[in-house]
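Below is one structure, written out as C-alpha cells, with a few remarks after it.
Each reported figure results from applying straightforward, stated rules to the coordinates on display, with no laboratory input. As the structure is a prediction and not an experimental result, all values here were calculated from the model. Quick reminder, even Gly has a Cβ in these numbers, built from the backbone with ideal geometry, and neighbours come from all protein chains shown.
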Amino acid sequence: MAKKPRLSFWQIWNMSFGFLGIQFGFALQNANASRILQTFGAEVEHLSWFWLVAPITGMIVQPIIGYFSDRTWNRFGRRRPYFLLGAFLTSAALILMPNAPALAGYIAPMFIGGGLLMIMDASINISMEPFRALVADKLPPEQHTLGFSMQTLLIGIGAVVGSWLPYILGNFMGFSTEAEEAGLVPQNVTWSFYFGAAVLITSIIWTVSTTKEYPPEFYDEEEDKSEVKQKFKIPPTMWQLLLVQFFSWFALFSMWVYTTPAIAQHYFGTTDPNSAGYQDAGNWVGILFGIYNGVSAMIALLLPKVAKVIGRKPTHALALTLGGLSFLSFAIISDHQLLWIPMIGVGIAWGSILAMPYAMLATSIPAKQMGMFMGLFNMSITIPQIINGIFSGLILKYFFDGDPINALYMAGVLMILGAGSTFFVRDRVNL
C-alpha cells in the first residue's frame, strides 16, 4: 500500500463533516425516542425492548455495509455511496417518526414508532460505519487519533444542536410544547425532527462533494499478499477492547433509555408521559444531553494531546472513571438545574468512547479490510446494548422496584469497571 500523505485540518474537517448531521439525527432519537414511545403508549419497563431494534439493526447492518464498501468503487467512490443512501433513508425516518399516529390504521402507534426507530437506526448505520472506515482509509497512522477526535468534535456539535432544538423551538421560537391531544407528539419535537432531516442531508452532501477517495489500486501498490492472508484473523487488540466496550455501551444504553423517566419521576414529580411536567422533563433532558455532547466536542481535540503525554489507555481509563462517578453523583443532587454538573463528566467519557477505542484499533487492521473489521467491531457496541435491552427492563422491575434512577447508578458502576479493563488492552502505537 502506498504511503498516505498527511492531511490538513480542514481536509480532515470536510471528510468528517457529515458526522455532524448523522449525530444531529442520532441525538434527536436518543433524547426523544423514549418519551415519544411513552406518548404512544409504551410502559417504562418495556422501553428497553423497543430500543433493542437499534443495536440489533446495527449489528446486522454495519458488518454488511463494511464488507460491501470495501469492495465498492464507482463514480461516487468507495464509502461515499453509502453516505448518501443512509442520509436519504434516515431523513425519511426522521420525518415520519413523530407522525406515527397519522400512519396508524390497525397497528398501534407505538409499534409504528418502534418500526421507524428500527429504520432510522439501520439507516444511520449505513452512513456511520463507512465514516469510521474513511478515517483509516485516508489518514496515515500518526493522524488516526486526530481523525477520530475530529469526528468526535463534529459529533458533539451536531448532538448539542439536535438535543437542544426541541427546547429552543418550544421556549424561544413559539412552537407548542404540549400535544394537541393525548397520544400525539408536541409541535416543538415534531419540527425538530424535520430540521434534523434537513441538516443530515446537507452535511452528508458537503462531505461527498469536498472529499475524494483513493482509488482501489492505491492499496495494491505496496501490499504484500502473503501478509494480507495472515491478517484475515481478528487482531488481538479487537478482542481486548471487547470488555471495555461492553461496560461502556451497556452504561450508555441505560442512560439513553432511562434518563427521561428517571428525571421526570425524581425531579419533576410525574410518571405520566402525557403530562406537562413530563414534557418539561423531556425538554430538560434534551438540554442535559446537549451539554454532555458539547463537552465531548470541546475536549475532542484535547484528547490527542493528552494521549500523547500519558498514553491512549490511561486517557480512556481516566475519561470512563469521570463518567462513572458522574452517574453516581445523581444520588446526591436534589435540584434538576444542577444536573448539568455530572453531564460534564459524562461528556468527557463520551468523547473518549467515540475516539480512543477506534484509534487503538485502526493501527491493527489490514487497510484493504478496514470497512469489514470496523463493521465487525460495531458488534462490541451493539451486543451490550442488546443484552441491556433484553434484561434491563426485568432488572428495573424486579430488582430496582421500577425506579429508573437506579439504572443510572448501575451505569456509573459499569463505567468504572470499563476504566479498569482498559489497562488490559495492548495499544500498538502510542500517539
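Structural remarks
- Estimated translational D of the chain in µm²/s (Stokes, Kirkwood radius over Cα pairs; 4 °C; 1.567 mPa s): 60 µm²/s
- Whole-angstrom gap from the stretch 30-57 to the stretch 367-431, using each part's C-alpha centre: 18 Å
- Mean Cβ neighbour count within 10 Å, used as a protection proxy, ranking 321-331, 353-363 highest first: 353-363, 321-331
- The HN-Hα couplings worked out from phi for the stretch 337-348 by the Karplus form 6.51 cos²θ - 1.76 cosθ + 1.60 (θ = phi - 60°) are 6, 9, 5, 5, 5, x, 5, 5, x, 4, x, 5 Hz, whole numbers, x standing for Gly and Pro.
- Summing charges over neighbours of Leu52, with a neighbour being any other residue whose Cβ is under 14 Å away from its Cβ, gives -2 when K and R count +1 and D and E count -1.
- ³J(HN,Hα), Karplus 6.51/-1.76/1.60, whole Hz, each residue of the stretch 386-392, x for Gly, Pro: 5, 4, 4, x, 6, 9, 5
- Near Tyr409: Cβ cut-off under 14 Å, other residues only, Lys/Arg at +1 and Asp/Glu at -1. The net charge is -2.
- Relative packing of 165-177, 289-301, 60-72, 15-27, which averages over residues the other C-beta atoms within 10 Å, highest first: 15-27, 289-301, 60-72, 165-177
- Here the extension length gained between Ile390 and Arg71 equals 111.4 nm, from 0.36 nm per residue of separation less the Cα-Cα distance.
- Residue-wise HN-Hα couplings along the stretch 259-264, as the Karplus relation 6.51 cos²θ - 1.76 cosθ + 1.60 with θ = phi - 60° gives them from phi, are 4, 4, x, 5, 6, 4 Hz; Gly and Pro carry x.
- Net length gained if the chain between Trp239 and Arg426 were fully extended (0.36 nm per residue, minus Cα distance): 66.3 nm
- The chain: relative contact order as a whole-number percent, Cα under 8 Å and 6+ apart: 29 percent
- With 26 Å as the limit on Cα-Cα distance, the pairs of Lys233/Lys308; Lys233/Lys305; Lys3/Lys233; Lys313/Lys397; Lys212/Lys233; Lys4/Lys233 that go past it are Lys233/Lys308; Lys233/Lys305; Lys313/Lys397; Lys212/Lys233.
- With a cut-off of 13 Å between beta carbons, the residues surrounding Gly389 carry a summed charge of -2, where Lys and Arg count +1 and Asp and Glu -1.
- Take 384-394, 308-318 and order them by the average number of nearby Cβ atoms within 10 Å per residue, most first; the result is 384-394, 308-318.
- Residue exposure proxy: Asp403, Asp137, Asp272, Asp121, ordered by other Cβ atoms within 10 angstrom of their Cβ from fewest to most, comes out as Asp272, Asp403, Asp137, Asp121.
- Nearest-0.05 FRET efficiency for Ile95 and Asn171, computed from C-beta distance (R0 22 Å): 0.40
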